[in-house]
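Each remark here refers to the structure printed beneath this line.
Every read-out reported here was derived from the displayed coordinates using simple, explicitly stated rules and does not represent laboratory data. The model shown is predicted, which means the values in this text are computed figures rather than measured ones. A quick note on method: Cβ atoms are made from the backbone with ideal geometry, for glycine too, and the neighbour counts reach across all protein chains shown.
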Amino acid sequence: MQKENINKVSATKRMNFFERFTKSSVWPAYIGCLFAFMYAVFVRFYHAAGGTIGMPFKMDDPALLNMASYIAGLAIMFCGFVLIALIKPWSIIIPLKIPLIGGTKIHPLILLVPTLIATAFLLTHGVSGMITKALLLGDVITIDFPAFAEVDVQKLALWDLLFYEPWFIFMGIMAGLTAAHYAQASGVRQSTFRWGTVLYLIIVFLISTLVTSSIIFGS
């Protein structure tokens, strides 16, 4: 027992700050779930009910936009609850009370892959949106919005830059930290976790650069 404790202490000392932080921190899941719930209710469901604050544009078919907002709100709430699930023991081992499959260990990739894809989407959306909207406000680039019947481009850019895109970035960070916690709690090897984190960040950076460039040079 003493030797096992010594090994655990030694392993902890070999961790860098990010690894120690994500291994012990579960609060990003709760904060992420809270912000997802608030955004779904006070933004998406509000818009689905016909609210216009934060929407300086009009569409030919408002009912279609309302339905899209409602579906987006449900999806966002679901994603928030997924973050909570990732910090619970039953996301690692299926509870024994579940018939036939109870006690089965869940392979980490089953939950990590969709979570990391969603995280990449959130971060890419936020980063590319903030950069392009800042350039739009500075009259460096122009962006067409063919889906809208009427649009106040300046107000739309400001809403994106100051509200919508920061939310995407914040949620991406919370989801990423939660995924990192889950990976370590699931027993992913430290070397795999470390190099996987570096590779993932490089991929997200490249995707964000590609999306941002496509918006800038395609506008």
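Counting pairwise Cα distances across the range 88-128, what percent come out greater than 14 angstrom?
58 percent
Within the P(r) computed for the range 146-214, what percentage of the Cα pairs occupies the region above 21 Å?
Distances greater than 21 Å cover 47 percent of the Cα pairs.
Once R0 is set to 30 Å, what does the formula 1/(1 + (r/R0)^6) return for the Cβ-Cβ distance between Ala134 and Ala49, expressed as a FRET efficiency to the nearest 0.05? Walk me through the numbers on the way to the answer.
Values: r = 31 Å, r/R0 = 1.03.
That pair, Ala134 with Ala49, gives E of 0.45.
When ranked by the protection proxy of mean other Cβ atoms within 10 Å per residue, highest first, what sequence do the peptides 206-218, 116-128 form?
Highest-to-lowest ranking by the protection proxy: 116-128, 206-218.
So if we plug the beta-carbon distance of Ile92 and Ser213 into 1/(1 + (r/R0)^6) with R0 = 25 Å, what FRET efficiency do we get, rounded to 0.05?
The computed FRET efficiency comes out at 0.05.
Does anything in the range 44-66 have its amide N under 13 Å from the 7 Å Cα→Cβ label point of Phe145, and if so which residues?
Backbone N within reach: 53-60.
Which entry in [x] 39, 22, 13; [y] 52, 28, 11; [z] 44, 36, 19 matches semi-axes √(5λ) of the Cα gyration tensor in Å derived from the coordinates of this structure?
Of the listed options [x] 39, 22, 13; [y] 52, 28, 11; [z] 44, 36, 19, [x] comes from this structure.
Given 0.36 nm per residue, what is the gain on full extension from Leu109 to Phe18 after removing their alpha carbon distance, in nm?
30.7 nm
Rounded to the nearest Å, what's the spacing between the alpha carbon centres of the range 122-178 and the range 186-219? Just the number, please.
Value for the Cα centre distance between the two parts: 19 Å.
Relative to the present Cα-Cα distance, how much length would full extension add between Asp61 and Asp152 at 0.36 nm per residue of separation?
Full extension from Asp61 to Asp152 adds 31.0 nm.
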